[in-house]
Amino acid sequence: MLKRPAFTIIEVLISIALMGIILPALYQTVDLLRDSNTHLFENLEKAKKVTQVTDTLYLDLVSSDGNISIQKDEFSRVCIENTKNSLYALSVAKVCWVVLRKENTLLRIEGYGYHLPIKEDEKVEVNTVMKDVELFDIYHKKDKILVLLQQKAKEPISFMIQGIEKPKKKKKKKPKKPVKKKKSNTPPAGDNNSSRVPSPSRPPAAAPIT
C-alpha cells in the first residue's frame, strides 16, 4: 500500500499564520457591512418618519376649511380649527402643531373645541412628531400656504398648497334707524280746539228815518 505524505510542522504553522492574517480582515469587513446596514436602516426609518410628518401636515392643511391661526412667540404654533384629516376617527377635528422649547420638540395635538394651553378637563391626543426642530414656519396669504420645516443637520423641507382661502369675515349689519314721521300741518278731523278762520261779520242794520 502507498503511504500518503503527511503535513509537516512547518506547513501547519504557515497555514495557521495565514489564517491569523485573513480572519481579522474578514471580521472587520463583516463589521463594516453590519454598521453600514444599521446606518442605512436608521436613515431609511428617519426619512420614512419625516415623510409621514409632512404627509400628515399636508393632509391636515388640505382638508381644512381655511380657518388657520398662526402665532409665533416663545414657541411657534399653528392651529387648524376645522380639518377632516383625523388620526382618531373624528368627523371634524381641531389640530395644532406646536414647537416646544424642550429639545425643540414638534407636537401634534388633536381634539375638539380645546384651547391652548390645554386644561385638565379637555380631552386631546398629543403625539411627539419630531425633535431637534430648527425651523417650523407656515405662511398663509390669500389662497396659498407655504410650509418650511427643517430638522437639525438635515436638509430643509418646503412645500406649497394652493386653493385654500381664508374664510371671509361676516360684516355686521348696522341697525336700521327708525324713520321719523313728519308732522302734518292739517289738524285731524273732529278737533274742536283747532284754529278756524273767522267768518266776516255783517254790519248792523240802519235805523229807519222817521
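Among the residues of region 73-113, which ones are free of Cβ contacts under 8 Å to residues at least 24 places away in the same chain, assigned to a loop (DSSP other than H, G, I, E, B) and under 13 Å from the mean Cα position of the chain (by Cα)?
Within region 73-113, LYS84 is the sole residue that qualifies.
Under 6 Å by Cβ, and 6 or more places apart or on different chains, what pairs join a residue from region 134-163 that is without any contact (Cβ under 8 Å) to a residue 40 or more places away in the chain with one that is of a type in the set (Gly, Ala, Ser) and assigned to a strand (DSSP E or B)?
The qualifying pairs are LEU148/SER158.
One line per residue, one yes/no per condition, for (1) in contact (Cβ under 8 Å) with a residue 24 or more places away in the chain; (2) assigned to a strand (DSSP E or B); (3) more than 19 Å from GLU155 (Cα to Cα):
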{"position": "ASP31", "(1), (2), (3)": "no, no, yes"}
{"position": "ARG34", "(1), (2), (3)": "no, no, yes"}
{"position": "ASN37", "(1), (2), (3)": "no, no, yes"}
{"position": "LEU44", "(1), (2), (3)": "no, no, no"}
{"position": "VAL50", "(1), (2), (3)": "yes, no, no"}
{"position": "VAL53", "(1), (2), (3)": "yes, no, no"}
{"position": "ASP60", "(1), (2), (3)": "yes, no, yes"}
{"position": "GLY66", "(1), (2), (3)": "yes, no, yes"}
{"position": "GLN71", "(1), (2), (3)": "no, yes, yes"}
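In region 41-86, what residues are at pLDDT 90 or above, more than 19 Å from ASP143 (Cα to Cα) and touching a Lys or Arg at 6+ places or on another chain (Cβ under 9 Å)?
VAL53, THR56
Would you point out the residue of region 79-98, among those that are out of contact with any helix residue (DSSP H, G or I) (no Cβ under 9 Å at 6 or more places or on another chain), buried (at least 19 other Cβ atoms within 10 Å of the Cβ) and hydrophobic (A, V, I, L, M, F, W, C), that is nearest to VAL129 (Cα to Cα)?
It comes out as VAL98.
The values are calculated or read from the model by the stated rules, or taken from the named source; none is laboratory data. Source: prediction; values computed, not measured. Positions of Cβ are generated from backbone atoms using ideal geometry, with glycine treated the same way; all protein chains shown enter the neighbour counts.
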